[in-house]
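Presented below is the structure to which this report refers.
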Amino acid sequence: MKFVRNILITGGAGFIGSHVVRLFVNKYPDYHIINLDKLTYAGNLANLEDIEDSPNYTFVKADICDFDTVLNLFKEYAIDGVIHLAAESHVDRSIKDPFTFAQTNVMGTLSLLQAAKVCWDDHFEDKRFYHISTDEVYGSLNQEGTFFTEKTSYDPHSPYSASKASSDHFVRAFHDTYGLPTIVTNCSNNYGPYQFPEKLIPLFINNIRHQKPLPVYGKGLNVRDWLYVVDHARAIDLIFHKGKIAETYNIGGFNEWKNIDLIKIIVKTVDRLLGFAPGSSERLITYVTDRAGHDLRYAIDSNKLKNELGWEPSLQFEEGIEETVRWYLEHQEWMDRITSGEYENYYKGMYSNR
Ligand code: NAD
Ligand code: DAU
């Protein structure tokens, strides 16, 4: 079959990537979606079981850092668009092992940029290189009522955010130097189905289910701005098709929560759905040593995206959290399969020094 577009999505077996792959495969049957993923501990093909046999979908297991393989893929599939999500994504891991973050997030992005430049050979019409980044590159907001805009200066504090900031700079440099048609978006914290249970929300749902301690970093007063992952995927679809080349768009839902308040909502919801006495799992809350360099507050101003492209989140937070908790409780086998083996060992190591 001849496809109208051949789109390379990197990191498609991960949390956000799997939602983006699913949306594109289902919505655009005339696009060929090539999912390139190394299948690290965070990559899981079970996230895509429902679409894996679709005629417009191809999975390729490869490392974005392997330039020759990436270049061959560009040529073999005549790639004309890239949506780049592959990354090491967990801040705590970056504190333990910064090298892997620099390697994947910086060198891997550079490898993709160079492959696009070489393969497209200055014929950039109808091409697009879309890099998915994070609000963490902007640093921390210490004053209430302030927001990150697209003009906020970069001020990363963790090895993770430093590596993402560096990759963003490389993407923009490839536009400014070679004319590569790039777009960057910086999004706030995502939540929803298929998130690896090292991240706050699925970790806590799983721990409540097993009645294990809920490790709250510091005093639990850090603020994060939460967006339902499907709304992020919808924004990516819109920006990939309608966003302006060389632009940056912030993505977020104006939905800030102090960690401890969010944790109490999760406890209440899981207790109710599992038939535990209301709020009884609050006794599992355990304050632990704070994350090193823990950013106090993130909050995204996504008005540019709303005003220029008309995007708005579709789901209210209460609805999204209810749906998310239900999903994890209905997919306990998915959770159990990935919370064993390698992850289990890593998780023990994480807390051995606390
Ligand atoms: P994730 O950790 O769930 O998934 C990352 C995916 O990338 C995995 O499938 C993994 O196998 C793959 N990968 C890792 N290294 C690779 C390599 N060298 N080559 C090929 N594939 C590799 O991450 P996520 O939470 O889905 O985040 C996806 C992207 O979105 C990342 O770039 C992240 O920085 C960004 N982001 C995430 C959030 C969030 O809240 N999760 C918010 C804003 C931006
Ligand atoms: O803001 C976007 C970023 O959101 C993404 O770029 C990252 O890839 C993603 O992992 C996420 O980063 P955070 O560090 O904000 O997410 P995490 O779920 O790890 O933590 C959320 C908050 O909860 C943070 O303030 C730390 C705290 N926390 C986290 C864990 C795992 C705890 O208190 N206890 C925990 O066990």
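In the stretch 169-195, of all residues being among the hydrophobic types (A, V, I, L, M, F, W, C) and in a helix (DSSP H, G or I), the one that is nearest to ligand 2 (Cβ to nearest atom) corresponds to Val171. The C-beta contact set for the stretch 176-192 (first residue at positive phi, second residue modelled with pLDDT under 95 and away from ligand 1 (no atom under 16 Å from the Cβ), distance under 8 angstrom, 6+ apart or interchain) comprises Gly179/Asp122.
Evaluate the stretch 270-281: report whether one residue or more is within 15 Å of ligand 1 (Cβ to nearest atom), touching a helix residue (DSSP H, G or I) at 6+ places or on another chain (Cβ under 7 Å) and part of a helix (DSSP H, G or I). Steps first, answer last, please.
Residues of the stretch 270-281 within 15 Å of ligand 1 (Cβ to nearest atom): none.
No.
For the stretch 16-36, residues that are within 16 Å of ligand 2 (Cβ to nearest atom) and buried (at least 24 other Cβ atoms within 10 Å of the Cβ) total 4.
Among the residues of the stretch 81-103, is any among the polar types (S, T, N, Q), within 16 Å of ligand 2 (Cβ to nearest atom) and without any contact (Cβ under 8 Å) to a residue 60 or more places away in the chain? Checked against the condition, which is being among the polar types (S, T, N, Q), within 16 Å of ligand 2 (Cβ to nearest atom) and without any contact (Cβ under 8 Å) to a residue 60 or more places away in the chain, the stretch 81-103 yields at least one hit. Restricted to the stretch 34-150, the set of helices (runs of 4 or more DSSP H) holding at least 2 residues that are within 12 Å of ligand 1 (Cβ to nearest atom) and more than 21 Å from Phe196 (Cα to Cα) comprises 67-76, 108-120.
Just one of (1) away from ligand 1 (no atom under 16 Å from the Cβ); (2) surrounded by 19 or more Cβ atoms within 10 Å (Cβ to Cβ) fails for Leu221. It is (2). The residue of the stretch 153-171 that is surrounded by the most Cβ atoms within 10 Å (Cβ to Cβ), among those that are within 13 Å of ligand 1 (Cβ to nearest atom) and of a type in the set (D, E, K, R), is Lys164. For the structure I just gave you, tell me whether Ile208 is more than 17 Å from Pro313 (Cα to Cα), touching a residue at least 40 places away in the same chain (Cβ under 8 Å) and surrounded by 19 or more Cβ atoms within 10 Å (Cβ to Cβ). Against the criterion (more than 17 Å from Pro313 (Cα to Cα), touching a residue at least 40 places away in the same chain (Cβ under 8 Å) and surrounded by 19 or more Cβ atoms within 10 Å (Cβ to Cβ)), Ile208 qualifies. So, Leu305, is that one within 23 Å of Tyr154 (Cα to Cα), at pLDDT 95 or above and touching a strand residue (DSSP E or B) at 6+ places or on another chain (Cβ under 9 Å) or not? Answer is yes for this residue.
Here are some residues: Arg5, Arg22. Which one is modelled with pLDDT of 95 or more and within 15 Å of ligand 1 (Cβ to nearest atom)?
Among Arg5, Arg22, only Arg22 is modelled with pLDDT of 95 or more and within 15 Å of ligand 1 (Cβ to nearest atom).
The requirement of being closer than 21 Å to Asn105 by Cα, hydrophobic (A, V, I, L, M, F, W, C) and touching a residue at least 12 places away in the same chain (Cβ under 8 Å) is not satisfied by Ala173.
The values are calculated or read from the model by the stated rules, or taken from the named source; none is laboratory data. As the structure is a computational prediction, the values presented were derived from the model and not from experiment. Cβ sites come from the backbone with ideal geometry, for glycine too, and all protein chains shown count toward neighbours.
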